[in-house]
Amino acid sequence: MSYAVFFEEKAAKELAKIERPYQLLIKKKIELLAEDFASMANNLKPLKGKYDYYRLRVGCYRVLFHKDARKIMITIVRVGHRREVYKDL
């Protein structure tokens with residue numbers, strides 16, 4: 001089962017600010033996540049205090065997203081360096 005992927009406006013802007021090689025890698029990992037959620041299990045971790053929110057580890061960057069199994073949708077909430085991405089969440 002593959003998921004539809006949507007970016008919140010803030011996440012899209014954050015992704016655009018990242019260097020091009022890392023952008024491509026992050027996009028590739030998000031595509032893999034959407035196609036087969038279970039295959040990325042070793043890079044996923046649920047966020048504490050947030051129901052159905054996860055983080056995807058991509059090198060030194062993190063992708064924070066919400067998974068809605070009923071709508072078969074993944075919403076990307078934040079994208080950024082691991083030191084900064086959790087601030088103001």
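Yes or no: segment 48-68 includes at least one residue that is touching a Ser or Thr at 6+ places or on another chain (Cβ under 8 Å), surrounded by 15 or more Cβ atoms within 10 Å (Cβ to Cβ), part of a helix (DSSP H, G or I) and on the phi < 0 side of the Ramachandran plot. There is no residue in segment 48-68 that is touching a Ser or Thr at 6+ places or on another chain (Cβ under 8 Å), surrounded by 15 or more Cβ atoms within 10 Å (Cβ to Cβ), part of a helix (DSSP H, G or I) and on the phi < 0 side of the Ramachandran plot. Listed by first and then second residue, the pairs with beta-carbon distance under 6 Å, at least 6 apart or on different chains, first residue in segment 76-89 and within 23 Å of Lys28 (Cβ to Cβ), second of a type in the set (Lys, Arg) and not in a loop (DSSP other than H, G, I, E, B), are Arg82/Arg62; Val85/Arg62; Val85/Arg78. Among the residues of this structure, Ala34 does not count as one that is under 11 Å from the mean Cα position of the chain (by Cα), modelled with pLDDT of 95 or more and either surrounded by fewer than 13 Cβ atoms within 10 Å (Cβ to Cβ) or within 24 Å of Met1 (Cβ to Cβ) (or both). Criterion applied to Tyr3, Tyr51 was being aromatic (Phe, Trp, Tyr) and in contact (Cβ under 8 Å) with a residue 60 or more places away in the chain, and the one residue passing it is Tyr3.
Please enumerate the residues belonging to segment 1-12 that are of a type in the set (A, V, I, L, M) and surrounded by fewer than 11 Cβ atoms within 10 Å (Cβ to Cβ).
First pass over segment 1-12, keeping only residues of a type in the set (A, V, I, L, M): 1, 4-5, 11-12.
The one that is of a type in the set (A, V, I, L, M) and surrounded by fewer than 11 Cβ atoms within 10 Å (Cβ to Cβ): Met1.
From the list Leu15, Leu25, the lone residue that is in a helix (DSSP H, G or I), of a type outside the set (Lys, Arg) and surrounded by 16 or more Cβ atoms within 10 Å (Cβ to Cβ) is Leu15.
The values are calculated or read from the model by the stated rules, or taken from the named source; none is laboratory data. These figures come from a predicted structure and were not determined experimentally. Cβ coordinates were reconstructed from backbone atoms using ideal geometry, including for glycine residues, and neighbour counts include every protein chain displayed.
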